[in-house]
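Below is one structure, written out as structure tokens; the observations come after it.
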Amino acid sequence: MRFADLILRQGHLSERTIVDAVMSGNRPAHLDRCDICASRAVDLSRWLDDTREIGLESADAAFPPEQLAAQRAQILRKLEQLDEPSRVISFPRHTARVDEPASGRRVAASWVAIAAAAGLIVGVVGGQVSARLAAPPASAADANLAEPPVSEPAVANNRASLKHDYDDALTLRSLEALDEITPRLVQTSARGGR
Amino acid sequence: MTGASQPPVSAKEADARVAVEVKALQAAGKLAAARERFAELVGRHQRRALRIAFHYVRDAADADEAVQDAFIKAYLHIGTFREELPFEVWFTRILINGCLDRIKARKRRERWIAPTPLDPSGNERNPADYLPSRGPSPEDQVLASERRRQLNGALSKLPERQRLVFMLSHFEGRSSREVSTMTGLNESTVRVHLFRAIRRLRSLLAKPADPAQAGRRIHRAVR
């Protein structure tokens, strides 16, 4: 008996010692002398038996024999598939020959990207160079002094608008003179009243 | 006495012999024969494996898959099997690792999925419990079902390791040393887990159930 059992439990076995005894089957001598501890051990043992029975029952109820047989068949089928994987049926020769050159000529994606980038650079540089070669050489000073070239349709437009303004002005002035010589309604009514 | 019958071979020795034969047949390329021999091992350990997996993962479908996977892994890796270790222990270790992976995967999944509906006692509803079936009288069936439900409910409240150790030690009758080899835990840790599991289970199952609730449940089940 352990010292702790002697002091703390008035000589009785601890729960843990009883569990160890029941589970391992090593029966301590104390159980032969002490009815209380023997009864506790028996209670625990019965409880464990019941629990085991119920536990196994519940697992077995979840897996009836038919399901076990089905599972076993499924395991063996899977093993067979692993051992003898499905055969790959080869394609006819003609198709294989057609595929061969294509696979031989396959170009890596990185090379395609490099070629595309190089093409872009060559295009941009070539465009710039051709634009410079086509334009006449002109100094920066000339470019500043020179007036912007005026095109013929623009001049025609300007003239037309000026003519229109002049006509408007003329029309107004002639109307003012006409307005001055025209008798007013007030004056006319005054004369009539006299 | 010459020609006397050979001493009876224990189950462990028989398993080891079959496993070694399977290994040799695989190496020789006689795969059909290897599978046939391996089928013996499947038949011998299937029930036990299902019990362990069922109590560990707490789900019949998961347990079924875990057991299938474990047998397939065992067959594929039988080359690594050492004769000094019982086949049962080696296989159980494979099974437990598989179950543990499944539990982890399920926990990850459950973060994103709504929880399973529970009945008033906190157990998962199993529609099969409410269906009539053949067997003992309805009353016995209801009582047995109720006891199972209570035990399963209590077991599900145990931490995973405690549940595993309790199941292997008690349901499977393994010694602390064997459980230690199967689980990779120390022997002393195994004993501590076992004691705690028993203490907790006893306290959980000792709680008096609400008679009104139990009555309602039985009534519903009988209906």
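For this structure, a couple of remarks:
- Out-of-range pairs (alpha-carbon distance over 20 Å; input A:Lys78/B:Lys73; B:Lys73/B:Lys157; B:Lys23/B:Lys73; A:Lys78/B:Lys104): B:Lys73/B:Lys157; A:Lys78/B:Lys104
- Residues B:Asn186 and A:Arg27, FRET efficiency given R0 of 35 Å [Cβ-Cβ distance, rounded to 0.05]: 0.90
- Projecting the Cα atoms of B:Val57, B:Gly43, B:Ala19 onto the charge dipole of the stretch B:10-114, computed from C-beta unit charges around the Cα centre, puts B:Val57 farthest toward the positive end.
- Spin-label model, B:Ser175/A:Ser14: points 7 Å from Cα along the beta carbon direction are separated by 2.4 nm.
- When A:Leu82, A:Leu133, B:Leu25, A:Leu175 are sorted by how many other C-beta atoms sit within 10 angstrom of their C-beta, beginning with the fewest, the order is A:Leu133, A:Leu175, A:Leu82, B:Leu25.
- Neighbour-count ranking [beta-carbon atoms within 10 angstrom, fewest first] of B:Asp59, B:Asp64, A:Asp35: A:Asp35, B:Asp59, B:Asp64
- Separation in nanometres of the label points that stand 7 Å from Cα toward Cβ, at B:Glu110 and A:Ser90: 5.4 nm
- Which of A:His30, B:His55, B:His193 has the fewest Cβ neighbours within 10 Å, and the rest in rising order: A:His30, B:His193, B:His55
Readers should treat all values here as calculations from the given coordinates under stated rules, not as data from a laboratory. All values derive from a computational prediction rather than experimental measurement. Counting neighbours? That spans all protein chains shown, and the Cβs are built from the backbone with ideal geometry, glycine included.
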